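First up is the structure itself, then whatever we jot down about it.
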Amino acid sequence: MVLPNVTFDQKLYFPEDKIRLIYTPGHTIDSISVLDEEEGVLNVADNIGDSLEELIPSLAVVKTEYIQTLLKYKELDFDVCVSGHNVVLDKSVMDQILNLFH
């Protein structure tokens, strides 16, 4: 095993591939999401559940941090997001989740 030779705090961008890694705490404190700017796809991993009945995953952070992650997602330019179990969801799912907190 070796330690990583590339790390980041908030975001990391690969301009030649148009790939952006973003720190997005939620399901875990060290969660990241990957935005493919060319394809308009955001991989949110386990930060969003796989069904409309279970959109909010178990959270390892306080609710306010997770809400900030959802608001960060809303600012990004993408068409669809993919959950950690390969469920494809529309960007409007962010508003659906935020509404569950009200």
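The values are calculated or read from the model by the stated rules, or taken from the named source; none is laboratory data. Treat the numbers as computed from the prediction; the structure is a model and nothing was measured. The accessibility values were calculated without ligands, DNA or RNA, using every heavy atom of the protein model including side chains. Shrake-Rupley method; radii C 1.70, N 1.55, O 1.52, S 1.80 Å.
I want to verify a result. In a Gaussian network model of the chain, Cα cutoff 10 Å, which of these has the top mean-square fluctuation: G84, G26, G49?
Of the options given, G84 has the highest mean-square fluctuation.
At 1.4 Å probe radius, can you tell me the per residue accessible area of the chain in Å²?
64
Taking θ = phi - 60°, what integer Hz values does the Karplus form 6.51 cos²θ - 1.76 cosθ + 1.60 yield along region 31-36, in sequence order, with x for Gly and Pro?
3J(HN,Hα) across region 31-36, in whole Hz: 5, 10, 10, 10, 9, 8.
At a 1.4 Å probe, what is the % contribution of carbon and sulfur to the accessible area of the chain?
Within the chain, the accessible surface is 53 percent carbon and sulfur.
Can you classify region 1-53 as rounded, prolate or oblate using the Cα gyration tensor, where a ≥ b ≥ c are the square roots of its eigenvalues, rounded means a/c under 1.5, and otherwise it's prolate if a/b beats b/c and oblate if not?
Oblate, since a/c reaches 1.5 and b/c is not below a/b.
Taking the convex hull of the Cα atoms, report for the chain its projected area averaged over all directions, in nm². Intermediate results must be reported in sequence, preceding the final value.
On the way: hull surface 28.9 nm².
The Cα convex hull of the chain, projected and averaged over all directions, gives 7.2 nm².
Which whole-number percent gives the relative contact order of the chain, counting Cα pairs below 8 Å spaced six or more residues apart?
22 percent.
Run the helix sum for the chain: -39,500 (n - 2.57) per DSSP H stretch of 4+ residues, divided by residue count, reported at 222 nm to the nearest 500 deg cm²/dmol.
Calculated mean residue ellipticity at 222 nm is -6000 deg cm²/dmol.
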